[in-house]
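S.K.: Quick one: structure below, then a few questions.
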Amino acid sequence: MNALPAEAAAASPDRLRITEIFLSLQGEARSIGWPTVFVRLTGCPLRCQYCDTAYAFHGGEWHQIDDILEEVAGHGARHVCVTGGEPLSQKRCIGLLQRLCDAGYEVSLETSGAIDISQVDTRVSRILDIKTPGSMEVHRNLWSNLPLLTPHDQVKFVICSREDYDWAKGVVAEHGLTAVCDVLFSPSFTQIKPSDLADWIVADKLPVRFQLQLHKILWNDEPGR
Ligand code: SF4
């Protein structure tokens with residue numbers, strides 16, 4: 001995929017700033033294990049203390065949506081995940097998602113939960129993070145997103161401590177989230193023992209899905225894997 005020259009990029013209404021596009025296995029959520037093309041958009045207004053994609057905060061290159069679709073098609077996978085950074089921090093992400101759905105892909109969106117999701121194509125499975133106190137970005141949660149969720153979507157909590165777990169449990173109950181869509185609890189990679197989180201969920205008979213991020217187990221979280 002060729003980056004746009006700066007002048008052409010500035011003039012194009014269909015450009016997005018992209019950090020990387022690559023084929024891998026989906027590492028988490030409902031489509032875990034499927035060969036998936038990841039489209040990683042550049043930029044994020046949050047700074048979660050555990051962030052594993054800080055390399056996507058800056059840089060990247062401008063690309064036309066047509067070119068992005070061409071590159072995605074070249075990988076030959078049925079699943080496409082638009083991620084970041086925070087992909088919705090670029091408004092044209094909405095158009096990209098629509099075009100990917102129109103092209104017939106199974107499309108998912110990984111979003112921080114801090115930006116309005118109301119304009120996202122309803123064919124997209126939205127994986128909405130709810131930031132816990134341990135993330136250091138809990139104040140960024142846009143609670144008005146929660147009533148927009150449907151069974152096609154998923155909610156994810158990255159749990160950093162027992163306090164985070166208790167907080168997340170309270171949020172799930174308060175908003176009745178498990179009646180709406182799948183709720184995923186994931187241990188923060190180096191901060192709690194995954195088996196502790198698993199034990200807490202089992203002890204509480206909590207109707208949430210425990211998950212470990214497959215790409216970290218397989219490839220130790222290398223960029224582009
Ligand atoms: S929202 Fe995601 S990309 Fe942004 S800082 Fe948090 S973990 Fe990193």
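Just so you know, all these numbers are worked out from the coordinates, no wet-lab data involved. Note that the coordinates shown come from a computational prediction; the quantities given were computed from them, not determined experimentally. Please note: Cβ atoms are built from the backbone with ideal geometry, for glycine as well, and neighbour counts cover all protein chains shown.
S.K.: Go through ARG40, ARG47 for me and flag whichever is within 14 Å of the ligand (Cβ to nearest atom) and surrounded by fewer than 18 Cβ atoms within 10 Å (Cβ to Cβ).
M.R.: Within the list ARG40, ARG47, the selection yields ARG47.
S.K.: So which residues in the stretch 161-197 are in contact with a helix residue (DSSP H, G or I) (Cβ under 9 Å, 6 or more places away or on another chain), under 18 Å from ILE217 (Cα atoms), within 16 Å of the ligand (Cβ to nearest atom) and not aromatic (Phe, Trp, Tyr), if there are any at all?
M.R.: SER186, PRO187, SER188, GLN191
S.K.: Also: May I ask you to list pairs of residues, at least six apart or on different chains, whose Cβ atoms are under 8 Å apart, with the first in the stretch 211-222 being touching a residue at least 40 places away in the same chain (Cβ under 8 Å) and outside any helix (DSSP H, G or I) and the second being surrounded by 14 or more Cβ atoms within 10 Å (Cβ to Cβ) and aliphatic (A, V, I, L, M)?
M.R.: Hits for this filter: GLN211/ALA29; GLN211/ILE32; GLN211/LEU184.
S.K.: Among the residues of the stretch 132-154, is there at least one that is within 16 Å of the ligand (Cβ to nearest atom) and within 14 Å of the chain's Cα centre (by Cα)?
M.R.: The answer is yes; a qualifying residue exists.
S.K.: Let me ask you something else. If the requirement is being exposed (fewer than 14 other Cβ atoms within 10 Å of the Cβ) and more than 17 Å from the chain's Cα centre (by Cα), which of these qualifies: ALA198, ALA168, ALA203?
M.R.: So the residue among ALA198, ALA168, ALA203 that is exposed (fewer than 14 other Cβ atoms within 10 Å of the Cβ) and more than 17 Å from the chain's Cα centre (by Cα) is ALA203.
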